[in-house]
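Trainee: Dumping the structure here so I can ask a few things about it.
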């Protein structure tokens, strides 16, 4: 099976799981718990490689990682508990921005190419950077104007999309930096054709809490 087919097949399964989860809050909470487990497992393996000769730094980095994932999950759960039917739409809106940021960067970078953006992530280009903002603005606007629950949020929608997309890219670069230090290509192999779960949600981990705070 080619890598492309693997990526498509895995993506369909992931989208199906997310769709089911957003229809039942208990399933969504279980999904968040499962993601926490997978992310922390991958982070621990990366940090062990980075700090293999320093147990103190390993322990400190583990504690920071666990604390952040706890706050990440708690932020989402408390937000959804306020009003699941309304706030799940806002969560989906933020997820669409993050996902389109990733896709925009990938597509523009592959089609246009050009000068490399940073040594941290050699595949990223300035054209990809532009695409990482253009596609979220298009997708974000379309989603925003299709949902009545979003039209009364009282936030400058352009500013919100820009900030969420920007932080999503920062999150992506941060995880790329950790992978580079650990000398690995992917954070794991849980998702065929994609790598680890952290490879797919690196930007979301940072951008989602920020978006929720804006709301």
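The values are calculated or read from the model by the stated rules, or taken from the named source; none is laboratory data. Keep in mind it's a predicted model, so treat the numbers as computed, not measured. Cβ: placed from backbone, ideal geometry, glycine included. Neighbour counts: every protein chain shown.
Trainee: Can you confirm whether the range 155-174 contains a residue that is touching a helix residue (DSSP H, G or I) at 6+ places or on another chain (Cβ under 7 Å), modelled with pLDDT under 90 and over 22 Å from residue 45 (Cβ atoms)?
Mentor: Yes.
Trainee: Of all residues in the range 73-123, count the ones that are surrounded by 14 or more Cβ atoms within 10 Å (Cβ to Cβ), without any contact (Cβ under 8 Å) to a residue 40 or more places away in the chain, touching a strand residue (DSSP E or B) at 6+ places or on another chain (Cβ under 9 Å) and within 22 Å of residue 137 (Cβ to Cβ).
Mentor: 3
Trainee: Being surrounded by fewer than 16 Cβ atoms within 10 Å (Cβ to Cβ) and under 19 Å from the mean Cα position of the chain (by Cα) is the filter here; which residues of the range 46-71 pass it?
Mentor: 64, 66, 67, 70, 71
Trainee: One residue is enough: does the range 179-200 have a residue meeting the conditions at pLDDT 85 or above, on the phi > 0 side of the Ramachandran plot and either over 16 Å from the mean Cα position of the chain (by Cα) or buried (at least 17 other Cβ atoms within 10 Å of the Cβ) (or both)?
Mentor: Yes, some residue in the range 179-200 is at pLDDT 85 or above, on the phi > 0 side of the Ramachandran plot and either over 16 Å from the mean Cα position of the chain (by Cα) or buried (at least 17 other Cβ atoms within 10 Å of the Cβ) (or both).
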